[in-house]
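The values are calculated or read from the model by the stated rules, or taken from the named source; none is laboratory data. Computed from a predicted model, the values in this text were never measured in an experiment. Note that we place each Cβ from the backbone using ideal geometry, even for glycine, and neighbour counts take in every protein chain shown.
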Amino acid sequence: MRRRALGCLLLLAAACAPSTPERPGPAAGEPGASRLHRFRVRSTAAPAEVRHDLSLKQISRLPGAAGSGLKTQGLTTIKHELATRTRFSTATGDKKGVYAWFDDVILEVRISSIVIHIPREYARGSCEFEIVLEHERGHGQAAREQAALLARRLEGALSGAEDIPTRFDPVVSHDIAAAAERLKTVLAKFVDPHYERFEKEHTAAQMKLDRPDPYDAVYRKCTGWK
C-alpha cells in the first residue's frame, strides 16, 4: 500500500516549416494579434493493471515498498510524463535575422502507467484481496486527479501567457538553430514551474493515502492476513 516511482519525461519535438522571405504578421499589440494560436492541453491516463503473480516477499523488495519495519500488503507504482509536441515556422527578417514562432503547441499530461501489485497469497475475491485492491486503486485515482489539475492549470496559464512566441509576436535570432533553441527555452520556462508544482503535490497526495498507517484499519476488516 505504499506508492512509488514517479517517472518524468519532457519532450520537445519541433518541425520547421519552409521559411518565407517576409516578416510575419503584425507585432504584439497590433490589430490582429492573437495569443491563442493552436495551443492545446490535454490529460490522459492509462488503465490500471492489476498484477497477482508476486508473493508478499517479492513485492516487499520492489522500489517503493514499505520501509521502517512496516509490512507491505500491496503496492502501486505510477509513472507520469509531460509530453510537449510543437511545430514552428520561420521567416527571414528585414535585417537578415530569422523570425520564429510556434504554429502548434500540444501539452499532454500523461499518467502513462499504473500497476497494482496484490500478493498471490490472497486469492481473488477474498476479503484481503478486495481490501488491498480498493486501497491501491485510490492511489491511481489520486494520480489521475492531480494530472487533470495540472492540465487545467497549464491551459489557464497558456491562454493568458504574454511571452509565448506566436506568428504575431516571434522571437528573432541569427539562424534557425538558435531560433529553435530560444523557442525551446521559452516553452520550458513556461511549463517547468507548473510541472514541478505538480510533482510535489502528486507526491503529497500519494503519501496522504498511507498516513496514518492504513494497515490498522484494513486489518480489522479481514481475518486471513499473512
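Remark: pairs (first residue in region 154-182, closer than 10 Å to ALA100 by Cβ and aliphatic (A, V, I, L, M); second residue at pLDDT 90 or above and in a helix (DSSP H, G or I); Cβ separation under 9 Å; 6+ apart in sequence or on different chains) = VAL171/ALA179; VAL171/ARG182; VAL171/LEU183; VAL171/VAL186; VAL172/ALA179; VAL172/ARG182.
Does region 134-149 include one or more residues that are closer than 30 Å to LEU187 by Cβ and in contact with an Asp or Glu (Cβ under 9 Å, 6 or more places away or on another chain)? Within region 134-149, one or more residues are closer than 30 Å to LEU187 by Cβ and in contact with an Asp or Glu (Cβ under 9 Å, 6 or more places away or on another chain). Within region 118-164, restricting attention to residues that are of a type in the set (Val, Ile, Thr) and under 27 Å from THR203 (Cα atoms), the residue that is surrounded by the fewest Cβ atoms within 10 Å (Cβ to Cβ) is ILE131.
Of the listed requirements (1) part of a strand (DSSP E or B); (2) more than 16 Å from TYR195 (Cα to Cα); (3) at pLDDT 90 or above, ASP104 misses just one: (3).
Within region 190-221, track down each residue that is surrounded by fewer than 17 Cβ atoms within 10 Å (Cβ to Cβ) and at pLDDT below 90.
Within region 190-221, MET207, LYS208, ARG211, PRO212, ASP213, ASP216, ALA217, TYR219, ARG220, LYS221 meet the criteria.
Across region 33-64, the qualifying residues are those that are within 16 Å of ILE164 (Cα to Cα) and among the small types (Gly, Ala, Ser), and the one among them that is modelled with the lowest pLDDT is ALA33.
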